[in-house]
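> Sharing a structure with you now.
The values are calculated or read from the model by the stated rules, or taken from the named source; none is laboratory data. Remember, predicted model here, so these are calculated numbers, not experimental data. All Cβ positions, even for glycine, are placed from backbone atoms using ideal geometry, and neighbour counts span all protein chains on display.
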């Protein structure tokens, strides 16, 4: 198949499906970059193994295999992060664990060559790192008057503490998503429903949800 | 541990500690749904049942199998497998009882970060079995409530003008931000 992965054709869908780590791990830029790196690593490793197994598994087995692979690699990353970067690990908390669930959405369940899967995973992972860093920068700079833990003294009197809470996370993510939306300058409403994404997962052909 | 404190766990899970709107677990599913309310109610209840059953299974697995044998590093994989099995069993039961399979909801539930997040938090908080069950019930009902709340908000959004850059995901995120602010009042 030469067509692009449906998720990569619509970055909004990609952002929606990864809303959990984008919202949960962006109170600190370092934590956001660590989460982005973890997601990229899990994506790439899982897609490599899944590509190797794709011809041996049925469609439903691919879903289970993708989830277990992502969970396995996430467990390994959790242990490594806990051992070598306990501060970052404690900041990420439960969001690193559930990143397994978020990541497996991107793992292609249709029969693509390894090169395509790898390329799609790398592109998705790098895009997520950029978005995570952008949201974290907005939240930490304006919400906590700091950047990657370093205090920005001239902003300390102008903090907006709500940005560090849940509602601020949603708002900051909304602004970044709107910027991405504006840059892409799509003519139609670009949100695909989660059912479409689920259908993408369940279908053999990933082009089911493409807009004409 | 009194009955009142157990009930407060449920109420807390629905309001102050709503997993979708306060902890972002399951936020993608809550923000991204486009079905009618009946379909959303069915999805919400299915997720609530899966969360409850998952907590019921993972707590003894963690307490009596993984922790005593120093197998904590397998927690995530075991929990993911449990979620898959329980979702499949729920689908079979729904097919037999209601004649309505989960269909496209199956991967949505199996890939739901709220389910895995609830499972992980029910064992990490060091609570008893009953508390874990009631907490999971609250989390599941909170997810269903968040789904229905967002559906109501989206109906109103559709009637209004939204700038092009904010159409779709951004305006839904802003709506979720306002809902989340409302829930802070219950903390």
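> Tell me, which residue of region B:99-114 that is at the interface with chain A (Cβ under 8 Å from one of its Cβ atoms) and buried (at least 24 other Cβ atoms within 10 Å of the Cβ) is modelled with the highest pLDDT? Write out each step before concluding.
Applying the first criterion (at the interface with chain A (Cβ under 8 Å from one of its Cβ atoms)) to region B:99-114 yields B:104-108, B:110-113.
Among the residues that remain, those that are also buried (at least 24 other Cβ atoms within 10 Å of the Cβ) are: B:105, B:107-108, B:110-113.
On the way: B:105: 64, B:107: 67, B:108: 70, B:110: 71, B:111: 75, B:112: 81, B:113: 85.
In this case the residue turns out to be B:113.
> In region A:30-74, what count of residues is obtained for those that are in a helix (DSSP H, G or I), surrounded by fewer than 21 Cβ atoms within 10 Å (Cβ to Cβ) and away from every other protein chain (no Cβ under 12 Å)? Even if it seems obvious, please write down each step before you answer.
So the first thing to find is which residues in region A:30-74 are in a helix (DSSP H, G or I), and the list is A:30-53, A:59-74.
Filter once more, so that each one left must be surrounded by fewer than 21 Cβ atoms within 10 Å (Cβ to Cβ): A:30, A:33, A:37, A:40-41, A:44-45, A:48-49, A:51-53, A:59-61, A:64, A:68, A:72.
Right, trim to away from every other protein chain (no Cβ under 12 Å) and you get A:30, A:33, A:37, A:40-41, A:44-45, A:48-49, A:51-53.
Number satisfying all stated conditions: 12.
> Would you check if there is a residue in region A:83-91 being under 16 Å from the mean Cα position of the chain (by Cα), within 30 Å of residue A:137 (Cβ to Cβ) and within 14 Å of chain B (Cβ to nearest Cβ)? Please lay out each step first, then the result.
Filtering region A:83-91 for residues under 16 Å from the mean Cα position of the chain (by Cα) gives none.
No, there is no match, as no residue in region A:83-91 is under 16 Å from the mean Cα position of the chain (by Cα), within 30 Å of residue A:137 (Cβ to Cβ) and within 14 Å of chain B (Cβ to nearest Cβ).
> Residue B:60: over 30 Å from residue B:167 (Cβ atoms), free of Cβ contacts under 8 Å to residues at least 60 places away in the same chain, surrounded by fewer than 19 Cβ atoms within 10 Å (Cβ to Cβ) and away from every other protein chain (no Cβ under 11 Å), yes or no? Before the answer, list the steps.
Numbers: over 30 Å from residue B:167 (Cβ atoms): yes; free of Cβ contacts under 8 Å to residues at least 60 places away in the same chain: no; surrounded by fewer than 19 Cβ atoms within 10 Å (Cβ to Cβ): yes; away from every other protein chain (no Cβ under 11 Å): yes.
So residue B:60 fails the test.
> Does residue B:168 fit the bill of being over 28 Å from residue A:161 (Cβ atoms), surrounded by 24 or more Cβ atoms within 10 Å (Cβ to Cβ) and without any contact (Cβ under 8 Å) to a residue 12 or more places away in the chain?
On the way: over 28 Å from residue A:161 (Cβ atoms): yes; surrounded by 24 or more Cβ atoms within 10 Å (Cβ to Cβ): yes; without any contact (Cβ under 8 Å) to a residue 12 or more places away in the chain: yes.
Yes, satisfied.
> Out of B:118, B:132, I need the residue that is buried (at least 24 other Cβ atoms within 10 Å of the Cβ), more than 8 Å from chain A (Cβ to nearest Cβ), within 11 Å of the chain's Cα centre (by Cα) and assigned to a helix (DSSP H, G or I). Which one?
Working: B:132 fails: within 11 Å of the chain's Cα centre (by Cα).
Going through B:118, B:132 in turn, the sole match is B:118.
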